[in-house]
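Notes to accompany the following structure.
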Amino acid sequence: MNIEQLRKQFPALSGTVYGKPLVYLDNAATIQRPVSVIDKWVDLTERHNANLHRAVHKMAAEATEEYESARDAVRAFLNAGSREEVVFTSGATASINLVAFCFGEAFVKPGDEIIVTEAEHHSNIVPWQMMCDRKGAILKVLPVDDDGHLRLDLLDDLLTDRSRLLCVAQISNVLGIVNPVKEIVKICHSKGCAVLVDGAQGIVHTGTDVRDVGCDFYVFSGHKVYAAPGTGVLYGRRDLLEQIPPYMGGGEMIASVKFSGTTYAPLPGKFEAGTQNMAGTPTLKPALELAETLRDKELTAYADSIRDYVLGALMSDERIRLYGVPRGTSDKIALFSFTVKGAHHEDLALLLDKMGIAVRSGQMCAEPLMDRFGVTGMLRASFAPYNTMEEAEHFLQSLDRAIKMLV
């Protein structure tokens, strides 16, 4: 597959904005969906709209098969040990909240410690604050350096015998830095501390072998990796999932309900209460099939060339301050957050929008990181495998034009 063939699979990319061809560079927020995902959602909605696991009629059986085949696809993509370790949720936020409540109930006592990093998305901060408030635990923070890299030299001293869980983004949604999660897991496990990896950005850019990384929990959202919105995954080590209590009660997550007491369904049903996303969740299968295809060497090399070109241009522009400076190229994805001296990030975003370029402006749900760098917000351009070198060139030319209009 070449880049032209790839782009034809995404209807949105042929759109226009204010009469100009769309250049979509807000992929870190939501990536566009291919025809295979759209067709799957439409087919399920039109022809297989029935509750899962319950009824004996054919439509329900077909809907259940579609849903459960997605679980097998996720298990294979993550190289999880078993399909029972794959729990479906509404997104990474729901997955993290599930772990924050359930892990907290099972393993966290007053005075215990939860560690997050300074570069986390709000979804990987606030649930832990809530859990710490509820359980009387202490929230500790692993900082980043001036270039946006985690201060791993401080991690060993930060960990104590009361550290229960460290929560870290595989890739920062602001900095675009690929964090050394495998090394972090090794350090934490040597001190008896479990690790949750937020793979919202990593799932589409680098993929993950959860058994190789060794993490205890891994989460991601479907809409970041070509699937339907409102879909998500929690991978958890089976022994941990067996030990923690359910998050929600209701239909599906039970084995038997009596007024004298209720028993819960075996994994993963124990954590999937209520009517699931019958049309959305199965789109994970074609989405991950596409993500696997995009690991093609030629497409990867082309995407890397775009990353290097944009990185070089932004780094060499004295008007621009880039946040998340790589030490090489392999530890940086094509995600660029920056500020321009004398220009407000939102003004720049509005001007770029008029030029047909969609970028993100603001705090990117990472206010503590904004505080770390002393800014109120940034401008972010995030590329996907379907973006082209021509789009990168147009973005840089348009950015220069916008800056000159404002400064």
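Results, tabulated for the structure shown:
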| quantity | calculated |
| --- | --- |
| Long-range amide H partners of residue 230 with built H, under 5 Å | 223 |
| Debye-sum result for the stretch 46-108 in log10 I(q)/I(0), which assumes one identical scatterer on each alpha carbon, at q = 0.17, 0.18, 0.28 Å⁻¹ | -0.76, -0.82, -1.07 |
| Listed residue pairs exceeding 22 Å between alpha carbons, taken from 140/182; 297/332; 224/341; 182/297; 140/186; 341/404 | 224/341; 182/297 |
| For the stretch 1-136, size of Cβ-based charge dipole, Lys and Arg +1, Asp and Glu -1, in debye | 340 |
| Rounded accessible area per residue of the stretch 38-140, 1.4 Å, Å² | 42 |
| Highest-MSF residue in the chain out of 136, 342, 214 [GNM, Cα springs under 10 Å] | 342 |
| Residue 251 long-range amide H proximity, modeled H, under 5 Å | 274 |
| Peptides ranked, highest mean first, by Cβ atoms within 10 Å: ranges 380-392, 104-116, 191-203, 149-161 | 191-203, 380-392, 104-116, 149-161 |
| Leading residue at positive end of dipole, the stretch 353-407 (Cβ point charges), from 377, 395, 357 | 377 |
| Percent breakdown of C-alpha pair distances by 5 Å bin, ordered from the shortest bin, for the stretch 97-232 | 2, 10, 22, 23, 22, 13, 6, 2, 0 |
| Point-charge dipole on Cβ atoms (K/R +1, D/E -1) for the chain, about Cα centre, debye to 20 | 520 |
| Most mobile of 290, 139, 396 in a GNM of the chain (Cα contacts under 10 Å) | 396 |
| FRET efficiency for residue 371 and residue 82, using Cβ-Cβ distance with R0 set to 45 Å, rounded to 0.05 | 0.60 |
| Built amide H within the under 5 Å cut-off of residue 17, gap 5+ | 22 |
| Gain upon complete extension [residue 7, residue 330; 0.36 nm per residue less C-alpha separation] | 113.8 nm |
| Over the chain: helical MRE at 222 nm, DSSP H runs n ≥ 4 each giving -39500 (n - 2.57), nearest 500 | -11500 deg cm²/dmol |
| Relative contact order %, the stretch 85-189, counting alpha carbon pairs below 8 Å whose residues are six or more apart | 28 |
| Percent accessible area from carbon and sulfur atoms, the stretch 30-161, protein chains only, probe 1.4 Å | 52 |
| Kirkwood hydrodynamic radius of the stretch 361-407, Cα pairs, Å | 12.6 |
| Per principal axis, descending, Cα span of the stretch 249-369 in whole Å | 70, 37, 32 |
| Peptide ranges 168-174, 295-301 listed from the most packed, as the mean C-beta count within 10 angstrom indicates | 168-174, 295-301 |
| About the Cα centre, charge dipole magnitude for the stretch 238-286 (Lys/Arg +1, Asp/Glu -1 at Cβ), debye | 60 |
| Cysteines having no other Cys beta carbon under 4.7 Å from their own, within the chain | 102, 132, 167, 215, 365 |
| Selected from 330, 69, 123 as most flexible by GNM, with the chain as the system and alpha-carbon contacts under 10 Å | 330 |
| Intensity falloff of the chain expressed as log10 I(q)/I(0), Debye formula with alpha-carbon point scatterers, at q = 0.07, 0.08, 0.14 Å⁻¹ | -0.34, -0.45, -1.28 |
| Between 0 and 90°, nearest 10: helix 92-107 axis offset from the chain longest Cα axis | 40 |
| Gyration tensor (alpha-carbon) shape descriptor, the stretch 14-143, a/c threshold 1.5 | oblate |
| Kirkwood-based Rg to Rh ratio, the stretch 314-407, C-alpha trace | 0.94 |
| Extension gain (nm, one decimal) between residue 258 and residue 126, 0.36 nm per residue minus Cα-Cα | 44.0 nm |
| Probe 1.4 Å - accessible area at residue 18, Å² to nearest ten | 130 |
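The values are calculated or read from the model by the stated rules, or taken from the named source; none is laboratory data. If you're wondering where the values come from, they're calculated on a predicted model, not measured in any experiment. Every residue, glycine among them, receives a Cβ derived from its backbone with ideal geometry; neighbour counts consider all protein chains shown. Note: areas computed on protein heavy atoms with side chains; ligands, DNA, RNA excluded. Shrake-Rupley method; radii C 1.70, N 1.55, O 1.52, S 1.80 Å.
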